[in-house]
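Here is the structure we will look at, set down as structure tokens.
The values are calculated or read from the model by the stated rules, or taken from the named source; none is laboratory data. This is a predicted model, so every value here is computed, not measured. As a convention, Cβ positions derive from the backbone with ideal geometry for all residues, glycine included, and neighbour counts pool all protein chains shown.
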Amino acid sequence: MIRLRAIILASALGCVLAPVLPGLAQQPAQDFVLALTGDSIITRRLSVYSEPAFTRIIELIRGADAAFTNLEMLFHDYEPYASAASGGTYMRAEPALIKDIVWAGFDMVGRANNHSGDYGVLGMNLTTKYVADAGVVQAGVGQSLSAAREAAFLETPKGRVALISVASTFPDSSRAGRTRGDMPARPGLNPLRFTTTTTVTPARLATLREIASEVSGRPAQGAGDSLTFMGTRFVAGPTPGVRTEPLKVDLDEIAAVVKNASGLADYTVVSIHAHEGGRERTLPADFLVTFARAMVDAGADMFVGHGPHVLRGVEIYKGKPILYSLGDFIFQNETLLRLPSENYESFDLGATAHVNDFNDARYNFDKSGFPADRLIWEAAVAVPRFRGEQLTELALHPITLGFGRSRSVRGRPMFAEGELGQKILDDLVRLSAPMGTKITIRNGVGYVSLGATSNQQ
């Protein structure tokens with residue numbers, strides 16, 4: 001009875017004293033700042049450099065409460081063999097380079113991309129080990145589909161951040177699978193698959209049907225106003241075009257993960273690696289727009305895209321930022337130590353050829369491909385600022401990765417100043433305008449106007 005009275009008295013005193021005790025007073029909402037970047041293909045150390053244009057970017061990332069990049073690289077010592085199918089160039093770097101990612105200020109990385117399976121499951125698992133040993137939060141790959149879909153969480157003094165990493169571009173062998181209990185699950189990445197429908201005029205569809213029948217020697221697959229030919233679904237319509245839609249089962253499962261994560265974290269980031277574009281490579285594919293908005297509907301606070309190696313526009317949807325592509329942050333894909341025979345054979349290069357010979361053949365001595373494409377080397381770092389749940393600022397910092405410089409130099413981010421910085425920001429202004437987004441440029445940085453967007457449905 002005495003104990004009960006003490007509890008009642010303590011409770012009553014707490015109610016009276018709580019408002020006046022400093023330790024119990026309600027604290028004002030703090031600003032929470034993130035730094036978001038695109039792809040990081042790292043094969044050389046970053047920490048040896050000290051140019052102001054470089055360190056300015058590093059300080060920006062380090063100054064954030066949480067920082068994200070897409071890790072488009074595998075770390076191992078060639079214990080695994082190269083997969084028969086890859087994301088293009090087989091990505092691998094010295095395991096110690098994860099320390100430079102940490103040095104640069106990153107504490108979260110996405111792992112779902114078209115290079116996740118370049119060196120099979122062992123290459124994926126070794127990378128997971130090295131990233132985890134460095135203390136970096138990672139998401140997007142796992143020993144089963146459910147594990148690959150799972151959110152990862154970063155603990156910070158100001159709030160908990162959830163990360164979900166997804167890829168729509170990948171060799172199918174890299175896709176994680178399920179178990180029914182009688183067979184083990186397939187390790188791999190977190191996939192977002194999509195369907196593609198091509199609309200042609202009725203006359204064109206009739207021609208395609210005739211060609212399909214001639215080629216196969218049997219009636220064409222499909223009837224009426226639709227036809228499936230050479231893996232593509234065609235439909236008849238008045239306006240020719242291509243329409244893509246996310247596969248419902250993938251969208252629903254990922255949305256469920258996002259919904260769960262948003263209830264367990266203060267801020268939820270969804271990241272996607274998507275090469276696919278619209279009419280132009282700087283425009284997002286239809287399925288990507290649908291998917292991004294669905295993730296915000298499910299509870300995502302930020303959506304960050306990467307993969308096409310170029311910038312795409314910014315949308316503010318229901319008060320949340322959708323960054324369709326931030327381009328590259330580190331692009332050192334030409335200075336890999338070794339490549340498997342498949343890469344050399346694709347250019348008829350013999351046993352005496354090495355990585356530099358492969359680069360010369362692939363890029364025609366820098367006259368074509370990535371080295372000759374200026375847009376590949378222009379990107380941005382996005383810095384959203386939240387106060388509680390409210391997005392209060394979204395800054396876009398232009399960066400250059402050194403277009404036209406030598407292979408031993410280009411690929412490292414530098415703050416883009418002067419005419420180049422203005423050009424990159426002008427591109428973002430132009431690409432974002434059709435999405436109802438206005439960007440104001442001040443002192444070499446773009447600021448999204450959060451009160452003047454139309455996509456608030």
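Just to be sure, is ASP118 among the charged types (D, E, K, R), surrounded by fewer than 23 Cβ atoms within 10 Å (Cβ to Cβ) and out of contact with any helix residue (DSSP H, G or I) (no Cβ under 8 Å at 6 or more places or on another chain)?
no
Any residue that is in contact (Cβ under 8 Å) with a residue 40 or more places away in the chain, buried (at least 22 other Cβ atoms within 10 Å of the Cβ) and assigned by TED's automatic domain parsing to the domain that holds ARG387 - is there at least one of those in region 171-178?
yes
Conditions tested, residue by residue: (1) of a type in the set (Val, Ile, Thr); (2) surrounded by fewer than 19 Cβ atoms within 10 Å (Cβ to Cβ).
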position: GLY305; (1), (2): no, no
position: HIS309; (1), (2): no, no
position: ALA361; (1), (2): no, yes
position: VAL409; (1), (2): yes, yes
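Name the pairs whose Cβ atoms lie under 9 Å apart, with the first residue in region 433-451 and surrounded by 18 or more Cβ atoms within 10 Å (Cβ to Cβ), the second among the aromatic types (Phe, Trp, Tyr), and 6 or more positions between them or separate chains?
Filtered contacts from region 433-451: MET435/TYR317; MET435/TYR324; ILE439/TYR447.
Condition test on ALA167, is it in contact (Cβ under 8 Å) with a residue 12 or more places away in the chain, surrounded by 23 or more Cβ atoms within 10 Å (Cβ to Cβ) and closer than 26 Å to ALA35 by Cα?
yes
How many residues, within region 154-194, are acidic (Asp, Glu), farther than 28 Å from VAL289 by Cβ and not in a loop (DSSP other than H, G, I, E, B)?
So the count comes out to 1.
Give all pairs with beta carbons closer than 9 Å in which a residue from region 355-375 that is assigned to a helix (DSSP H, G or I) meets a residue that is basic (Lys, Arg) and at pLDDT 95 or above; count only pairs at least 6 apart in sequence or on separate chains.
Listed by first residue and then by second, the contacts come to VAL355/ARG338; ASN356/ARG407; ASN359/ARG407; PHE370/ARG362; PRO371/ARG407; PRO371/ARG410; LEU375/ARG281.
Residues of region 284-303 being farther than 25 Å from THR156 by Cα and buried (at least 18 other Cβ atoms within 10 Å of the Cβ), which ones?
Scanning region 284-303 gives PRO284, ALA285, ASP286, PHE287, LEU288, VAL289, PHE291, ALA292, ARG293, ALA294.
Is it the case that THR239 is assigned to a strand (DSSP E or B), in contact (Cβ under 8 Å) with a residue 24 or more places away in the chain and not hydrophobic (A, V, I, L, M, F, W, C)?
no
Could you check region 376-415 and list, in sequence order, the residues that are farther than 18 Å from GLU334 by Cα and part of a loop (DSSP other than H, G, I, E, B)?
Residues satisfying the conditions are GLY388, GLU389.
Looking at GLU389, GLU378, can you tell me which residue is modelled with pLDDT of 95 or more, under 30 Å from TYR267 (Cβ atoms), among the acidic types (Asp, Glu) and in the same structural domain as ASP39 (by TED's automatic domain parsing)?
Result of the check over GLU389, GLU378: GLU378.
Hey, among GLY263, GLY231, GLY278, GLY188, which residue is surrounded by fewer than 18 Cβ atoms within 10 Å (Cβ to Cβ), on the phi > 0 side of the Ramachandran plot and not aromatic (Phe, Trp, Tyr)?
After applying the criteria, what remains is GLY231.
Is there a residue being out of contact with any strand residue (DSSP E or B) (no Cβ under 8 Å at 6 or more places or on another chain) and in a loop (DSSP other than H, G, I, E, B) anywhere in region 256-268?
Among the residues of region 256-268, not one is out of contact with any strand residue (DSSP E or B) (no Cβ under 8 Å at 6 or more places or on another chain) and in a loop (DSSP other than H, G, I, E, B), which makes the answer no.
Can you tell me which of LEU192, LEU251, LEU227 is over 28 Å from the mean Cα position of the chain (by Cα) and of a type outside the set (S, T, N, Q)?
LEU227
Could you say which residue among TYR78, TYR130 is assigned by TED's automatic domain parsing to the domain that holds GLY159, outside any helix (DSSP H, G or I) and under 26 Å from PRO340 (Cβ atoms)?
After ruling out the rest, the residue left standing is TYR78.
State the number of residues belonging to region 331-342 that are surrounded by 13 or more Cβ atoms within 10 Å (Cβ to Cβ), closer than 22 Å to LEU71 by Cα and out of contact with any Gly (no Cβ under 9 Å at 6 or more places or on another chain).
Count: 3.
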